[in-house]
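The values are calculated or read from the model by the stated rules, or taken from the named source; none is laboratory data. Everything quoted here is computed from the prediction, not taken from an experiment. Glycine gets a Cβ as well: all are built from the backbone with ideal geometry, and neighbour counts include every protein chain shown. The protein model used for the area step is the full one, side chains on, heavy atoms only, and it has no ligands, DNA or RNA in it. Shrake-Rupley method; radii C 1.70, N 1.55, O 1.52, S 1.80 Å.
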Amino acid sequence: MNTILTENDLKKIFDLYYKSILMYANRFLSSRTECEDLIQDIFINIWEKKRIFQDEISLKTYLYKTTRNKCYNIIKHEKIKQKYASNALEILEDDNLFLKQVLEEETAIQLYQIIEILPKRKKEIITLSLKGLKNNEIAEILDIKLQTVKTLKSQSYTILRARFKDIICYFLFFKKYSFLPR
């Protein structure tokens, strides 16, 4: 990756990271349009400055840090006084929290990619479960037996654990799913 990006390379990178960066920026800025503009500016800058990245990690770091810094500048410039903005400003200034958030975003994306390869019924059950529904609610929505939900959910968790090892337990059992879209 240590070469100047072609237009095709930039499109691939955009397609690969756009959703993730948009979700990250949207944590700090309430306007989706503003987030989309910000991300577009980042990619225009990459193209115009003919930026070179040594590897995928340096690319991801650049994308997330640039997104973070642009969000910070927008919030600071507008001097938003709402509680959400003041919390977001504190979050943007905390590097440890920044790294945690990047990890959460990347893990959420990986989780959804793995969920996509599950068989249809297991995917439906896990998706509903991650939205906070209880087993009996899932059974009612999908018109299946409660025991079927429990069995398929358990099998799905086994598949997910095999892919994620220890990290999936943290998100499925101890996290409040704040990173998941509702």
>> If I ignore ligands, DNA and RNA and count only protein heavy atoms, how much of F43 is accessible to a 1.4 Å probe, in Å² to the nearest 10?
In response: 10
> Along the Cα-to-Cβ line of N73, 7 Å from the Cα, sits a label point; which residues in the stretch 10-38 have backbone N less than 19 Å from it?
Replying inline: 21-22, 24-38
>> If you count only protein heavy atoms and use a 1.4 Å probe, how large is the accessible surface of R51, to the nearest 10 Å²?
In response: 80
>> List the pairs from K123/K153; K11/K100; K65/K100; K60/K153; K12/K123; K19/K65 whose alpha-carbon separation is above 21 Å, in the order I gave them.
In response: K11/K100; K60/K153; K12/K123
> Applying 1/(1 + (r/R0)^6) with R0 = 41 Å to the Cβ-Cβ distance of Q147 and Q113, what FRET efficiency is obtained, to the nearest 0.05?
Replying inline: 0.90
> So how far apart, in nm, are the two label points at S31 and K123 if each is 7 Å from Cα heading toward Cβ?
Replying inline: 3.6
> Length gain on complete extension for the stretch L97 to I52, per 0.36 nm per residue less the alpha carbon to alpha carbon distance?
Replying inline: 13.5 nm
